1. Strictly over 18 Å apart at the Cα level, which of 464/484; 334/428; 50/111 would you flag in this model?
2. Taking DSSP loops as anything outside H, G, I, E and B, show the longest stretch in the chain free of trypsin sites (Lys or Arg not before Pro) there with at most 15 other beta carbons within 10 Å.
3. Say a site is exposed when it is one of the GluC sites (Glu not before Pro), sits in a DSSP loop, and has at most 15 other Cβ atoms within 10 Å; what is then the longest site-free stretch of the chain?
4. When Cα extents along the principal axes in Å is calculated directly from the model, which label among [x] 83, 62, 55; [y] 63, 57, 37; [z] 153, 92, 62 fits?
5. So how strong a dipole does the chain carry about its Cα centre when Lys and Arg Cβ are +1 and Asp and Glu Cβ are -1, to the nearest 20 debye?
6. Enumerate the aspartates and glutamates that residue 370 could reach by cross-link, defined here as Cα to Cα under 13 Å, with residues fewer than 8 away along the same chain left out.
7. Among 75, 313, 174, whose Cα projects farthest towards the positive end of the dipole of the chain, with charges put on the beta-carbon of Lys, Arg (+1) and Asp, Glu (-1)?
8. Can you give me the span-like helices of the chain, meaning DSSP H runs with 20 Å or more of Cα extent along the axis and Kyte-Doolittle mean at or above 0.0?
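What follows is calculated from the coordinates using simple rules that are stated; it is not laboratory data. What you are looking at is a predicted structure, and each value in this text was computed from that prediction instead of being measured. Reconstructed Cβ throughout: ideal geometry from the backbone, glycine too, with neighbour counts over all protein chains shown.
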Amino acid sequence: MHTSQSIYTVSLLTKEVKRLLEASYASIQVEGEISGLTRPASGHQYFNLKDENAQLRCVFFKNSARLSPVNLANGMHVVLSARVSLYEQRGDFQLIVQAAVDAGEGLLRKKFEQLKARLSAEGLFDLSTKRTIPSLPARVGIITSATGAAIHDIISVFKRRYPAIQLLIYPSLVQGELAAESLATAINTANSRRECDVLILARGGGSLEDLWPFNEEIVARAIHHCTIPLVSAVGHESDFTISDLVADVRAATPTAAAEMLSPDQVQLLKAYSSLQTRLANALNHRHEAASQQLDLLQLRLNAFKQQADRSAYRYSSLSKRFSRLSVPLINERKQLLAALTTRIHRPDRMLRLHSQHCHNLEQRLDRAIKSRISSSSLSFTSQHKRLSHHLPESIVQHKSIYHDGISRRLWVKIPELLQHRRSQLEYKVSALQALSPLQTLARGFATLQISGEPEIVSSVNQVKVGDELQANLQDGYIHCKINKIHRNIND
């Protein structure tokens, strides 16, 4: 830091001023009009940037100028991206230009960024809103100029790759002041008609001003509200518009969009041939396997039919035997039941008699079985002893097996007979119970007794007002008190 008494040399002062300027204004943008433009053999460009009140010297070095999309000319209104510096040899204040754009294009670029930020905040660019493009659409709608080069490129690609896809053109302006409204109307018309599986929004390349209708908000919202999947194919690969961001898919060019939506029919034919071969092989394999399985099932079905025929014959034989044996037994039981029914007079006495008879039968049956078993056992033992020294061992073993079979049959028949007798007894008990007075009580009737006396009250003459009665029901009794007595007039 120099004090007020320091004395600068010219070189020192210019160096320090240059350092301060370059540090303070390293990257700025300046707008103005070009004048005095010169292009010496070195390739650098020198000119003045002026407005109504001042001008600045500017230098556009060759390496930076080569990359500039704008060809500078006198009188052009531009926006320069530059850094401030000082040319020490002459002490001239100057701008070293890094990039230059047309001032009109710069305003459009600023407007583009502002609209992009606003629509992005509203969610128009979200991936969640993107629709899936169909892999093989039946009809494709094209929104573009009916006379432009883009429509011819798209049609030629579809005819070459997959001519079966139908194309429907929605003609629209793609450049000029009315182009944005025309594009939005075409998109809305295609969306309302629902004639296509997918839409292509297309235009050839051009400057930012030429492509500006595709950056208008009305077009972006029409794309966002369109329910048909939409591919944006605007300009060349380096061009980028708001429509590209809102659309479901962006294609670099109209030709790329057509190739995206039209499969190569040669590849499809190859894939179809391969799939047809695989399908034929699979069907042949399945047919052979099914034929083998059918033969196996046919053999199993024949065996099942034979077994079913044998079972049917056996069932028929058993059914005839059962009918022949059961009819006489049923008739005998019916006669016995009729005889027993006529002999029923007192339920309790008959119940006791039948119970005693059943008990006697059980005892007799038990004694008979035991006697039979005992006699059989004794007979077997005696015969065994008699024949053990004379008969071969096989005969003895045969007799033993025969004896075991008889014993098992006896023990099997005993429970069956007992069960039959119990069933008869239960049937008779149920018949007796149907005549029992307890059944009357079970139906809601009651017997009356004067409290403390065993007699049953059967007449109003047996009681008087104030007596206490006991009403006997099926599951208990009720204490009652007589408040009033009514006698029938006829009594």
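1. Listed pairs above 18 Å: 50/111.
2. Between the exposed loop sites, the longest stretch runs 195-342.
3. The segment 238-454 is the longest one with no such site.
4. Evaluating Cα extents along the principal axes in Å on these atoms matches [z].
5. In debye, rounded to 20, the chain gives about 5240.
6. Cα-Cα hits under 13 Å: 362.
7. Towards the positive end, the residue furthest out is 313.
8. 10-24
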